[in-house]
Amino acid sequence: MIHGPCGTLNEKCPCMQGDPPTCRFRYPRQFNETTTQGKDAYPVYRRRYNGIVVNKQGIMMDNRWVVPYNPKWLMMFKCHLNVEVCSSITSVKYVFKYIYKGHDKQVIHIDPDGQPVVINEIKRFQDARYVSAPKVAWRIFSFSLNQIHPNVITLQLHLPNQQLVRFTDDDTMISVVERERDKRSKFTAFFKMNKDNVNARQYVYKDFPKHFTWNKQSRLWNPLKLSPAVGRLVSTNAAEAALERGLIETDDSLSQCLAEASLFQFPNALRRLFATILVFCDPGDVRKLWNAHYNSLSEDYRRQYDNADRVQNMVLTDITVFLQSMGNKLDNFDLPTVNTDLNLQSEVFREVQEECSIVVEGDHLRAKEFLNPAQKYAYDEIMRHVCTDCTGVFFIDAPGGIGKTYLYKALLANIRKLGHIAFATTSSGVAANNMPRGEQLTRISNFL
């Protein structure tokens, strides 16, 4: 396992690259008394200066030219085999990148000969899968593609005669009942083993796979003959069990939370709280919660509109907006549906609704009175275009800390005070935090 010779000894070696040409594998290496972790995730191996040399192509080569290897593997595979020790944290990323990146794919298209080709990228697109030679060989020899160690066995929990039953569309009810009547589950077989085997009583259910093997044919636990497995219990949430036994009241705390919040929160904030409860608190009876607090949720809209259907639509629309911001949707909950036939504010984009509800801070409105001459000039010019409905593009250029954000806040506050919509967009989320309701540019671009 000797590299080269290369470098000044052989500049035509395939490993030579660059100008001036150097070995891309960095040979010859330097002598080293101990193995250390290198900066590029590869170790710097021990290479002792012991005077031992070997003749290769008429050149005497020492330990600096030895390629990392494993003697056992060289004898086993009878070929040259390079081995590197992966001890850096970067190796974890390297391994899992290839495991989870998916299969290789390529886009292809074959045009017939002798015909004019009209390029239509959408129509001619084909999604093809590329299977490499190593993957083909791996499947031909039936090598396992994945494995789990140690083996994990799922342990079901169920009430008497309520175990999971599998059947097909062609099965009749009678045949399913007859077939499943005498079948034992892992859970019932656990009790049978404890009844018949005194030694089994010292192990709890989840530790049973460490000492016994599950036989799928006889559907019994047998003494362990193979390597031990890990048991994983499929359990039920304790709150659901307590609810079934009548030990707790359904959604009582959630209802009290909404009732208490309605005493000091505006209806819009109450609707946001209601959406938050739906997503993160998993209420048992959503419709009951809706009916109990609908008056508080719709208080502001009932003052504006006399149509009850329209009021309900407005409330549901707001809740839908909040649910979407949390990655959910109204259809996932037992709530009334939005009536799409009504010409309501539901057709207004979410960003427009939120912009119209912005409360302008007084300090930002008064900021225009404390602008310096340069800021005042920019402010007056931009506001002149806004008030006269004249289009324009402006670029504010100034070093950091001069007061650009202060000017932006004054502009945003006064434009919004006039009833206009002003999108405060930035190139990064950090910069967006400095602006009143600032948004990162990518999110606004997707909306537009």
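The values are calculated or read from the model by the stated rules, or taken from the named source; none is laboratory data. Just so it is clear, the structure is predicted and the values come from calculations on it, not from any experiment. Here the Cβ is made from the backbone with ideal geometry for all residues, glycine too, and neighbour counts use every protein chain on show. Just so you know, the surface numbers come from the protein's heavy atoms only, side chains and all, with ligands and any DNA or RNA stripped out. Shrake-Rupley method; radii C 1.70, N 1.55, O 1.52, S 1.80 Å.
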Environment charge at GLY4 (Cβ cut-off 13 Å; Lys +1, Arg +1, Asp -1, Glu -1): +4
If you add up the charges near MET61, with Lys and Arg at +1 and Asp and Glu at -1, over every other residue whose beta carbon is less than 13 angstrom from its beta carbon, what do you get? +3
For the range 183-199, 3J(HN,Hα) per residue [Karplus equation, 6.51 cos²θ - 1.76 cosθ + 1.60, θ = phi - 60°, Hz, x = Gly/Pro]: 7, 9, 8, 4, 6, 5, 5, 5, 5, 5, 5, 5, 6, 8, 10, 5, 5
Ranked from highest to lowest mean number of other Cβ atoms within 10 Å per residue, what is the order of the peptides 16-27, 167-178? 16-27, 167-178
What is the packing order of peptides 404-416, 380-392, 282-294, taking the mean over residues of other C-beta atoms within 10 Å and listing the highest first? 404-416, 282-294, 380-392
Using mean Cβ contacts within 10 Å as the protection proxy, how do 268-280, 194-206 order, highest first? 268-280, 194-206
What is the sum of charges around ILE153, taking Lys and Arg as +1, Asp and Glu as -1, for the other residues whose C-beta is under 9 Å from the C-beta of ILE153? +2
When all protein chains stay in place, what accessible area (Å², nearest 10, 1.4 Å probe) is found for CYS281? 60
Amide H contacts under 5 Å for ILE2, placed H, 5+ residues apart: VAL67
Amide hydrogen neighbours beyond the local backbone of ILE153, cut-off 5 Å, H modeled: VAL230, GLY231, ARG232
Rounded to the nearest 10 Å², the accessible area of SER144 at probe 1.4 Å: 80
Using amide H atoms built in the peptide plane, which far-off residues or other-chain residues are under 5 Å from LYS56 H to H? MET61
Using heavy-atom solvent-accessible surface (probe 1.4 Å) with all chains present, what is the largest-first order of THR188, THR337, THR317? THR337, THR188, THR317
Among ILE421, ILE153, what's the order by accessible area (1.4 angstrom probe), most exposed first? ILE421, ILE153
Whole Å is fine, so just give me how far the alpha carbon centre of the range 185-202 lies from that of the range 269-338. 51
